Structures are given as C-alpha cells and as structure tokens.
Amino acid sequence: MSTIVIILAVMLACSIGAGCFFWYAMRHRPPLAKPLPFISPPYRKLSDDERRAVERYIDSMEKYRKNTVPNGIADHLVLNSQSNNVYPVTRSITRYGLSTDEPYQWRYYLDEVEVHLPPLWEQYIADENYVELIKTQTIPLVISLNGHSLVNYVYEQPALAPALRPVGPQASIRKEESENIELLSVRKETVEEYALSRPDGTRETCAIGVAFLLLFFSLTGPVVLMPWLVMAAITIILVSCWSLYRRPGKKDLREIHCLRGAPKRWGLFGESNQGQISNISLGIIDLIYPAHWQPYVANDLGQPTEVDIYLNRHVVRQGRFLSLQDEVRNFPLQHWKKNLVLAAGSLLVLVLLIVCVPLSMPLKLSIAWLKGTESVQVHSVNDLEKIPLRVGDSLNATGLGMCSIPTTYQGNRSYAFMPFDCSAIYWNNATPLPQPQSDIIDKATALLTTTNQQLHPQNNTDPKLNPQLATAIQKSGMILLDDFADIVLKTQDLCSQEQDCVRLKNALVNLGNAKNWETLVRRANSGALDGMNVLLRPVSAEALENLVNTATSSFFYRETRRATEALNSPPPGGFLILSDEGHQWVKHQAPTVSLFNYNAPDQWPELQRLAGMLLHTPFSASGIVTSISTDANGTRHIVLHSEPDVITLGRYIGTSLLLLIVTISFILNSVLTLKRIHRNRIRTSAIQNYYDKCFSPTLSPSHQNIRPLF
C-alpha cells in the first residue's frame, strides 16, 4: 500500500512540474510567423548552403541594426522551426516609404503582406517577379528574386546602397499616390494600451479555483498526499496571482509607430478589407479603428493628424481626443468573468467544506488559539473553581466523582457502563448519593424466592409430610406446595392494587378453591390455610411459575428504571466534565453484558453493583476545553476534546484558513462581479458621451477635459 501511495505521489509531483513547465513555455513561446495567404504547396526544403547564406545575411543586418539604425527601426529577423520551408511565388512587388532621412525606411509588399527584401536587390524588381520566401518570427524573408539568391549575395556598404543602386526601368515599384507620411517616433505601448490586449485573467482564476479544490482534498484525503497537494495548490496560486498582477516587461510591450499625415477615405488595400468599419488610409496604410470610434474618425480626414498605430495597422491614438490610453486610464476595463469564475470556485469549495467536514471543532480551537490559551492542572474542586477557565485552555483534572446518567441516550453512541455514562463526570464536594434501595424489589424477590423453593425443593424429604405420602407423590410425578398461604400473602403484599397481577391472583383463587381474591387473602391471614397442601400436576406447576415470573418481572423492570432516574439528580453546584468524543474518564473494566440485557431479576443486583462502583469513583479527565456553560442547578458544564496531534492540528488550522479564504473570496468576488457587469455595460456609452462633448463645438474647452466615470 505504501509503495502505491509513493508512486501516486511521484506521479502527481511530475504532472504538476510538467504542467508548470508547459504553462511557462507557452507563456514565453516566441510568436509564430504569420501565415502567407498567397502561397500554396508544393514547397521545398532549405538547403544547407542557403541556410548558411541566410544566417550570414541576418548576422550582417543585426550588426547594422544595432550600430546604425536608431530605435531599432530596421527589421529584426529571427529564424524559427518554420524557416526550413521555401515557398516559391510569382507576384508584383509594391514599395512605399516613410518621410525620414534614415536609410532602409522602404517597405515592400507582396499583395497585402509585408516582406523583407535585401536592399541591394531593389534594382532587380520587375513587373512580375519570381520570389522565393522563408518564414521568420517577424516577417517573411526573400531569399531569391528573379534568379538572384542570397547564396551569391554581394555585401556592400549598406548605408550607401540605396543611393548607389538605381532603380531599374522595368521595376514595378508602385509609389503612393498621396503625399508621404512622416515617422515621428517609435515607442513601446503603455501599460494602459497593453491592458486592452492582455488576457482577462479567466485562465488564472480557473487555476486558482482548482488550487482551492486541491486544498480541500488535502484536508480530507490521505495524510501521505497532504503535503504534495498543499505544495501544488500554493504553487498554482502564486503563479496565477503573479500572472494576474505582474507588470508587463519590455518584451511583452509591442512597438507603436507615431506617424503624421492626412487620413483619407481611400487606401492601397481598401478593396481587400471590406470588413472594416471605415475604409480610411494614411498614405498607403489602411487604418483599423476601434468600433466605437466610428462616429469620430471623420473629423480628422484631410487634415495633418498625428496617428499612433501598431505594426498590424490598428490605431491606438489619433488627433487630440481619440486615445485608447486615456480611455483605459479614465474608464477602466471591467473584466468581470474572472471574478465570476473565482466566486463560483469559492462557492463550490465552501459547500464541500460545510457538507463534508465537521467545522465546529476547527473553528472553536482556531478562535481560542488566536485569543491565547493556558494549560491547567487541578486535583480538587476548590482549585478548579478559582481558575478562570476559557475555551481553548488545556485542562487536566483528577479526583473522585460520579458518572452521570443521561436524561436521553444517543442512538449513535455505545455506553460501556449502562445506565451510567462515564464520559461525563459530576465533580463536587457534596456527599455521594446512596446506593438505590426499593421495598417493592424486596417484596418481588420474596415472592419469587418462596415460589421457587416450593416448586423446586432442595431435597426430597419434607419434615411436614408423612414419608409414605411423600414417596407416593414423588412416584406419581406430582408437585406439592407445602406452604400455599405464604405464596398468597406475599402476592398480596406485592400486588396490593386491584389491577396488579390479575392472572396470578385468579390462578391462586382457583388453587385455593375460594370465591374471590379477597376471600382467599382473609383465609390466609386468619390461618385457615395453614397446613394446607396443594398438589399440582407438572404442567400446572410450570404455569404457576411462569405467572409468578411474569408478575415479578414487571416490578423489577419498573423499579430498576425508577432507581436509575432517581440517580439522575446530582447535588447542585460543582462541575460536569464531558468528553465530546465519548472517551471514558474511569479505568474500571466495562461489563460484558449491558444492564438492560440481563433478565429482570438480575437487573437490580447489577444496577446496585454499578452504582456502588461508579457513584463515587476515581477519574482522570484531560483535553482541550471546547465549551463552558452553566445549567439551572449552578453546575458548570466543561466539554473537553482530546488534544490534537500535529497532523490533526494542521488539518484544523488548514480547515479554518480555507473556510475563511473561500468565504471572503466568494463574498468579495460576487460583489465585484455584479459591480463590474454594470460598469462594463455602461462603459462604452460613457466613452462615447465623453467624445461627444469633446467634438461638440458648442462646449467650452473646460468641458472637454476627461472626467473619469469610475
């Protein structure tokens, strides 16, 4: 069994490690090359010579980029696993340029896809070009153009290449039909702009919900798996929280190009982007606007305007007012799904804790330990009365006390000393209760004794009988009652009420040949029955014995229960020390047969034996105080729980912490979910109201300042 548990633990640890590694790898994986829509199989593999030529070219461009080009504007080419495939295409090449003094600011396109063309090959561009491409992490790289390959590429001074290499007369270099746009700067996106493309955190909150479940299973599962589950859960929570709240690094922030130009409602790629909201271009760049900017972008058409765009042509700022950064700063994003997921996960764990785990003990002990506890050891009632005992204290009490007798017995518990419960001890200075006594029990015992002696004599010689008569009776198999009057008188003494022992009385009346019971009793009291012998057949004798046993049994049962109830009246004051786990505070050997499993005549002697032993008995009680109360008699009830070991203590603390965490998480995330759903619903309208005020000519400039909604 232990081997299986160890194997499962190792497998769990390996799976957790593999999951964390996979999550980290996927989180930090390099971006994949964009698909090329104009290519189709077949394609060929990159040869070794071509790979060496490509690597040499990339190294030379990297050195030039670092040493010459400011702000890293030149293409940063990095090979990846998809760079082994060479795709041949025949297309026209389109070129456009930015208005700047820096070299290598030309951009080359095959259809709408930007590609990197080695600068010395511009002179070889024709109307239709046979091009071979490979994919990189950024943009496709042209390794062959109209028969010119990078294997034979002649490296010249790069900075002079654009000026020295004239453009061929047949080159299909399509210059933009409008004025050039000006590149003002290249910057990294801000934290607010990054938040728009950042995941909403649903994946991380799902992981936190799984971690809560692992913590729950660690509290209810095998002890061997407990540390592994706790470590896994804490790791998942820490990694998820770090992913949720970490600030983006430089590698995470994308580049934004700050341009200046006149936006117009036409562009180079307008016909291929019919799905856009507005077909607006800046130079030859088709701009992609946020959906809620549609009513406002037309205000800057045909005017020199500063526009900030990503490399994928998505606009983040335009003109004086339109700015995604200001929107996020003044109208924060309301990601409510992560709060909903976390609230649902917390509620699930909360329900599992309430249904599957007893919470009273962990909560009591946790609260008590926070307040501070003490260890108390006492040997007398007076010492315990002087101590201000509190819940959570450790108590060790020894002395002489009385086992209690419960008013009601719990069906899910067994009582070793029935009817006494020695898991609850009365401890006081009062005189111990006397042993139970009963005149009715004495009378029933006397009737039972005399009947048994006459029906089952110890010897066969009766001095009151003639020997010849006794021998004749013995030979006939009959049974002789030699003192019938004694049976009648003892029956009357026990069954004095008219409704008592009716069947027994009728049987005795028939045997005595009397009219009724009162007449038979008078004859017995007057001595008329003295010397009267009653001869019974064996069947009649057995019937009489059964009637006597039945009549006396009811008295034995009733008196035993009455005496038991009478013992449940301890003197007022003192203490009642209880064990909430049912531990016995005495060291006596428990009887093998419970009191009420004895025959009726044997119950009373057993009760007296138990009472003599447990009404004033040594006890030793120890544990953690979990409850203190006082009843109407002034008796202080002290409930003890056995002191937990290290593992149980860890489970108690863990249960309380997990209950507190999931409760707070459920309440907090429920409130945040409702609040953020409402704010998310009105966010777009609030932003549009702001833009309406900004572009309204009737408002003064003071009304055009941003006023945060939240």
Among 48-54, 517-523, the order from most to least packed when residues are scored by Cβ within 10 Å on average:
517-523, 48-54
So for Arg265, Arg107, fewest C-beta neighbours within 10 Å to most, what's the order?
Arg265, Arg107
Fewest-first sequence of Thr445, Thr552, Thr235, Thr655 by Cβ atoms within 10 Å of each Cβ:
Thr235, Thr445, Thr655, Thr552
Summing Lys, Arg as +1 and Asp, Glu as -1, what charge do residues with Cβ under 15 Å from the Cβ of Asn396 carry, Asn396 excluded?
-4
Long-range amide H partners of Val376, meaning residues 5 or more apart or on another chain whose placed amide H is closer than 5 Å, are Ser394, Leu395, Asn396
Kindly work out what percent of the DSSP beta bridges joining two residues of the stretch 289-424 are antiparallel, to the nearest 5.
65 percent
What are the ³J(HN,Hα) couplings of the stretch 380-396, residue after residue, when phi is run through the Karplus curve with 6.51, -1.76, 1.60 and θ = phi - 60°? Round to Hz, x for glycine and proline.
8, 5, 4, 5, 5, 5, 7, 9, x, 6, 10, 5, x, 5, 9, 10, 10
Long-range amide H contacts for Gly399: which residues qualify at under 5 Å (H placed 1.01 Å from N, peptide plane, sequence gap of 5 or more or a different chain)?
Phe619
Fewest-first ordering of Ile285, Ile425 by Cβ atoms within 10 Å yields Ile285, Ile425
Total formal charge among the other residues, if their Cβ is under 10 angstrom from that of Pro406, Lys/Arg +1 and Asp/Glu -1:
0
If you add up the charges near Gln584, with Lys and Arg at +1 and Asp and Glu at -1, over every other residue whose beta carbon is less than 13 angstrom from its beta carbon, what do you get?
0
What aspartates and glutamates does Lys63 reach when the alpha-carbon gap must be under 13 Å and sequence neighbours fewer than 8 apart in one chain are set aside?
Glu55, Asp75
Taking 244-256, 661-673 and ranking on average Cβ neighbours within 10 Å, highest first, one gets 661-673, 244-256
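The numbers here are math on the coordinates, done by the rules we state, and not lab data. For clarity, every value in this text was computed on a predicted model and none was experimentally measured. Note: ideal-geometry Cβ built from the backbone for every residue, glycine included; neighbour counts use all protein chains shown.
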